Structures are given as structure tokens and as C-alpha cells.
Amino acid sequence: MIIHDALYGRFELPSFLEGLLSTPEFRRLAEIRLININSPSLSTLADVRRYSHTLGTVRLALQNPLTNFGQDEYRALLASIIVHDAGTPAFAHLFEYQLHDRYEWDHERVVPDILQMRHHSDARTHQFFSARRLEFAKLCEKADIDFDIVLAILERRHTGAKLIFGSIDFDNLDNVTRMNWMLGNRFDIQPILDLAASLGANASPNLLLPESQSSNLAHWAKLRRMAYEVIVFDELTVSGQAVLSEVIADALSDDTLALEDWFYTDAELISVLRASSASAKTKLERDFFGRLPRLRMIAQLDFSEHPAFNLSIIQLNQMIKRFLGENRVSRPYSYVLRDRGTFEKRIDAIDPSTGNGWSFGSRSDSLIFYGFGGGSGRTLVPKKLGAEFIEWLARVAC
């Protein structure tokens, strides 16, 4: 099969993977956004789906000779990539943050359960996508792909897992590159291809990567920060996230949504939420599909002894809403981002030619608070009010 991709151009997919592309486990990703929201200001990026990202991840894996892997491992690794995002919920991390806070649910950890039909109380007859039941395990056997190795990779019992779930891997190489390209940034893609070709894994805890790749890592790190500086601080993008997050949280609280509902597509989730209550319908039609609430407050707090770091995301959202109310912000919405490596990552690697360990960068660690809403009795400057919130939170949380 020939794939035509905006980033990598024309490339050929190995024939043994073709059947896997027809499975509902993979096809569902065509209805799940790469980023968390259908942002009006990041319109092109908001249209990108996990489906194309997954194919891009396969393309980067094909760049690598994978000399440490036998033929069965090679075939299983590529199959694992095809299905590695199958557990991504509707609106990606936006729904997942809610599920994680309540149930400690993780979209990567659920994939082995999906493939072994343990993801749902009625998994054997469950219609996973478009009235279709699961097929991936059966088609792996038909394609002569060792399903036990696939499971071992996805359960992180095989060294190949480092190339999909590592601090830098085929997955986040494509993710960072694709986000930047769809944001309109144009850059040399060759350093990303070189990094993909150089990644390796063995029984050692750290990734295998030649230290000579440090300049290419710097290129990747710059692209990563460029993308997230836009996505994290774009007012309309986060405003939409704040509204939809609140509607999802309310639906989980009143049992309109349950943990098992993560498999909805983006459109299915919106449909369920619209019908869940008059309040949800109003919030969606007025504040999500209509005029998005205005940014009233924003603050970023680097990791410190501040009591905010001892509170849950749910508690922090409650604090923001309370603070906005005290400042007479009407129809308030809150949003909190826990940055654990969002902007910067630390990479620990072993140079395969020397056996020496080396590292690159450091992990960012911060909290970002947002408040949105309508009018107030005084002029609100978002950053100034954010600074006031940090001081207020320190007093109240203690």
C-alpha cells in the first residue's frame, strides 16, 4: 500500500500491515483528533486525526534498520505501532485527564486490555467502532505477526516498548513534527529522520542513541517547545478546552458518562453530552459552538513548595472558579494544565558505539492556571489577575 503524507511524502507500507489498517481498532482513530479540541484558531492542526499520526509513526519506524530485533520482533513492533493509540479517548487527553483524575485510567495501559477483550464489561460482543467488533488479534495471526510479542511490547515487557513509549521515540517524533507543520512552521525535516534512524533499544534501562545526535535532539527540542508554546497559550484553544472539560466533568459526576464510555469518537461524545442535560446543551451551544468565553486570568507556577502542588486538578479547578466568583466574573470556567515534561524533556541515553551514558535537556515541571468568563466590575488583566490568584491560593490552600 502506498501512503501519501503531508510530512514525509509518498512511502510504501509493508504488505503484512495492510490488513491491520482495516480493523476497527485502527479505523476509529480517523474520528479522534490529534490535539484535544476543535480549535477555531488552530484550524489546520485541529483537523489532524490520530489516524494520520499513527501512519507517520510507522513511517519513522521504517526509517530505522532495527538491527537489534529479529524478523518476528520487527513485524510485531510495526503492528504495535499501528495499534498503540487505540485507547485514545474522544477529544484525546481532554477526556483522559478527567478519567485519570477519577479512575487513574491511562490510554496507553488500556491497549493490551482492548486486544484481549478485557476493556468492556461486554467486550466480546461490544461494537468498538462503527458497529464492528474487535479484529486486531485475529488479523495479526492471519498476517503471520506474533501476537504474544505484540502484547509484550504494549505491556512494556519487551525492549521494543522504549521505541513507542520512551522519553523520545517514533511516536513523539512524529507528534512534534506533525503539530509544527500543521501550525504553519516550515523547517528541515532531515534531523527528525536522522533521529528516527538512530534510535535503538536493548535490555539496558536507557535508550540507545549516539551522542553525535545531540544537535538533532536540540532541533527536536526546539520544535517541541515551539508547538506547545502555541497550543498551551492560545486563548481560544484553551477556552474551548475549559468549556468542554466542565461539561464532561458534570456528565461523569451525574453518571451520564462512565469509565467504559472512553471509546466514543469525538462526534459521538458531543452527541451524548448534548442530550445529557439542559445545562450541558446550553453550555455547548452558547459557550463551545458559539462565542467562546474570554480569558480573564492566566498564571504559570514553576515547581516549588507552593501548596498548589499538593492539590488535585479537581481541587484546583474549584479554587479557580471560587476566585473568579470573588472577582465577579460571570459564567466562569477554569482549566489547569499539569506540565510534566510538556515543554522540555530530559533524555537519558547510551551511546551504542562507546557504551557511555549521556543526557540531554531537563524536564519542565509547572502548573498553568486559566480562568475564563464574562464581565466583571473592574478591568481584568489576565496576567495581573493570575499573579493575584497565586498569592490568594497560597493563603487559602494553607
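The values are calculated or read from the model by the stated rules, or taken from the named source; none is laboratory data. Quantities reported herein were computed from a predicted structural model and do not represent experimental measurements. Quick reminder, even Gly has a Cβ in these numbers, built from the backbone with ideal geometry, and neighbours come from all protein chains shown. Heads up: the accessible areas ignore ligands, DNA and RNA and are worked out on the full protein's heavy atoms, side chains in. Shrake-Rupley method; radii C 1.70, N 1.55, O 1.52, S 1.80 Å.
Details
- Among all positions in region 198-220, there is no residue which is farther than 20 Å from SER167 by Cβ and outside any helix (DSSP H, G or I).
- Residue check, ALA90 buried (at least 22 other Cβ atoms within 10 Å of the Cβ), within 20 Å of the chain's Cα centre (by Cα), closer than 23 Å to LEU284 by Cα and small (Gly, Ala, Ser): yes
- Selected residue (only one of ASP72, ASP106 is among the acidic types (Asp, Glu) and over 23 Å from ILE168 (Cβ atoms)): ASP72
- Summed over region 353-387, the residues that are open to solvent by less than 40 Å² (accessible area, probe 1.4 Å) and part of a helix (DSSP H, G or I) give a count of 3.
- Pair list, Cβ under 6 Å, 6 or more apart: region 332-347 residue closer than 20 Å to GLU246 by Cα, other residue in a strand (DSSP E or B) and of a type in the set (Val, Ile, Thr): LEU337/ILE368
- Failed condition for SER41, given (1) over 30 Å from PHE233 (Cα atoms); (2) surrounded by fewer than 18 Cβ atoms within 10 Å (Cβ to Cβ); (3) among the polar types (S, T, N, Q): (1)
- Count of residues meeting criterion [hydroxyl-bearing (Ser, Thr, Tyr) and either within 17 Å of PRO89 (Cα to Cα) or within 25 Å of the chain's Cα centre (by Cα) (or both)] in region 122-151: 1
- Flag set for PHE165, criterion: of a type in the set (Phe, Trp, Tyr) and open to solvent by 10 Å² or more (accessible area, probe 1.4 Å).
- Single residue of region 184-197 satisfying the filter (open to solvent by 30 Å² or more (accessible area, probe 1.4 Å) and over 21 Å from the mean Cα position of the chain (by Cα)) that is farthest from SER362 (Cα to Cα): ARG186
- Qualifying helices (runs of 4 or more DSSP H) (wholly inside region 122-180; at least 2 residues being under 25 Å from ILE37 (Cα atoms) and among the acidic types (Asp, Glu)): none
- Residue that is most open to solvent (accessible area, probe 1.4 Å), among those in region 15-33 that are under 24 Å from GLU96 (Cβ atoms) and among the charged types (D, E, K, R): ARG27
- Filter pass, SER376 being of a type in the set (S, T, N, Q), at pLDDT below 95 and more than 30 Å from HIS219 (Cβ to Cβ): yes
- GLU246 open to solvent by 50 Å² or more (accessible area, probe 1.4 Å) and in contact (Cβ under 8 Å) with a residue 40 or more places away in the chain: no
- The set of residues in region 152-179 that are on the phi < 0 side of the Ramachandran plot and more than 15 Å from the chain's Cα centre (by Cα) comprises ALA152, ILE153, LEU154, GLU155, ARG157, HIS158, THR159, GLY160, ALA161, LYS162, LEU163.
- Just one of (1) out of contact with any helix residue (DSSP H, G or I) (no Cβ under 8 Å at 6 or more places or on another chain); (2) at pLDDT 95 or above; (3) not β-branched (Val, Ile, Thr) fails for LEU257. It is (1).
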